[in-house]
Amino acid sequence: MTRRRNADVAASGIVRVTNGAPAKISALMGGAAMSAVADVLWRETRIARRFRAMNTDVELHVLDPAFVPLMARAASVFSRTEARFSRFRADSELCAFNARDHSCYETSPEFRELLRHALQMQRVTRGAFDPAVLPHLEAAGYDRSFEHVAPASSDAPPRAIERRSIGEARIEGAAVVAPPGLRLDFGGIGKGYA
C-alpha cells in the first residue's frame, strides 16, 4: 500500500472510533508523526451545524454523513430543554415552578432528573454550586435575557435578600417539595443537561 492509502485506511476507522478528536486520532495513528494528518482530516471531513440555544452559540460536529440526522435530534434536545427550563419563557416549567404559591408542586420526570443532578452537585460542592440564586440574579439586574440587561447603576444600594438553598428541596414521587420562596435558575446546569 502507498503511504497515502495507509493514512486513509487508518484514519477512516480511527475517525469513527474517536468521533473526531484530533489528539486521540494522532495518538491512535502513531503519535506526533500523524498529527498533521489527523488535523487535516478533522478540519476537512467534519460536518458542522451551528445554532443558538439557551442564549449560547452551539456547534455540533460529526465526521460521518450517516450521523447528520442525529444533529437535528441533538438540536431538538436543546430546543426542548430550553423550552422546559428557561427562566425567560413565561410558559416554561421552571417559570411555573418558581411562581408556585405552595410547597408541593408536581413536575415532569425531566424536571426531577435535572433537580436530582443539581442537588447532587450542591452536595458534592458543599454548597458552592446552588441554582437557588434567582432572587440574587434579579436583584443584580439580570432579570431578562443577558443581551437585554442594562449596565448596572452604582447609585442604588443593594437590597437584602434572604439566602435560600436548593438543599431545601426534595423529590417525593412525581412532586418537588420546596418552600414557595425557593426560586431556581437552571441556566448553567440546563446547558450541561442538554
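The values are calculated or read from the model by the stated rules, or taken from the named source; none is laboratory data. Values in this document were obtained by computation on a predicted structure and should not be read as measured data. Quick reminder, even Gly has a Cβ in these numbers, built from the backbone with ideal geometry, and neighbours come from all protein chains shown. Ligands, DNA and RNA are stripped out before the accessible areas are found, and what is left, the full protein with its side chains, is counted by its heavy atoms. Shrake-Rupley method; radii C 1.70, N 1.55, O 1.52, S 1.80 Å.
Checking the stated criteria, residue 91 turns out to be without any contact (Cβ under 8 Å) to a residue 60 or more places away in the chain, acidic (Asp, Glu) and not in a helix (DSSP H, G or I).
Considering each residue of the stretch 69-105, count those that are touching a Pro at 6+ places or on another chain (Cβ under 8 Å) and among the basic types (Lys, Arg), and give that number. Number of matching residues: 1.
Could you check, for the stretch 36-53, whether at least one of its residues is open to solvent by 30 Å² or more (accessible area, probe 1.4 Å), at pLDDT below 85 and not in a helix (DSSP H, G or I)?
Looking for residues that are open to solvent by 30 Å² or more (accessible area, probe 1.4 Å), at pLDDT below 85 and not in a helix (DSSP H, G or I), one finds at least one in the stretch 36-53, hence yes.
For beta carbons closer than 7 Å, sequence separation of 6+ or different chains, a first residue in the stretch 63-85 that is touching a residue at least 60 places away in the same chain (Cβ under 8 Å) and a second that is surrounded by 15 or more Cβ atoms within 10 Å (Cβ to Cβ) and of a type in the set (Phe, Trp, Tyr), the qualifying pairs are 81/193; 85/186. Restricting attention to the stretch 60-69, and to residues there that are part of a strand (DSSP E or B) and farther than 19 Å from residue 80 by Cβ, which single residue is most open to solvent (accessible area, probe 1.4 Å)? Result: 61.
Within the stretch 120-132, the residues that satisfy the criterion of being touching a helix residue (DSSP H, G or I) at 6+ places or on another chain (Cβ under 9 Å) and over 12 Å from residue 98 (Cβ atoms) are 121, 122, 123, 127, 128, 129, 130. Selection of the stretch 91-138 for residues being under 20 Å from the mean Cα position of the chain (by Cα), hydrophobic (A, V, I, L, M, F, W, C) and over 16 Å from residue 192 (Cβ atoms) yields 95, 97, 132, 133, 134, 137.
Quick check on the stretch 70-82. Is at least one of its residues of a type outside the set (A, V, I, L, M), more than 21 Å from residue 173 (Cα to Cα) and touching a Gly at 6+ places or on another chain (Cβ under 8 Å)? Yes, there is a match, as at least one residue in the stretch 70-82 is of a type outside the set (A, V, I, L, M), more than 21 Å from residue 173 (Cα to Cα) and touching a Gly at 6+ places or on another chain (Cβ under 8 Å).
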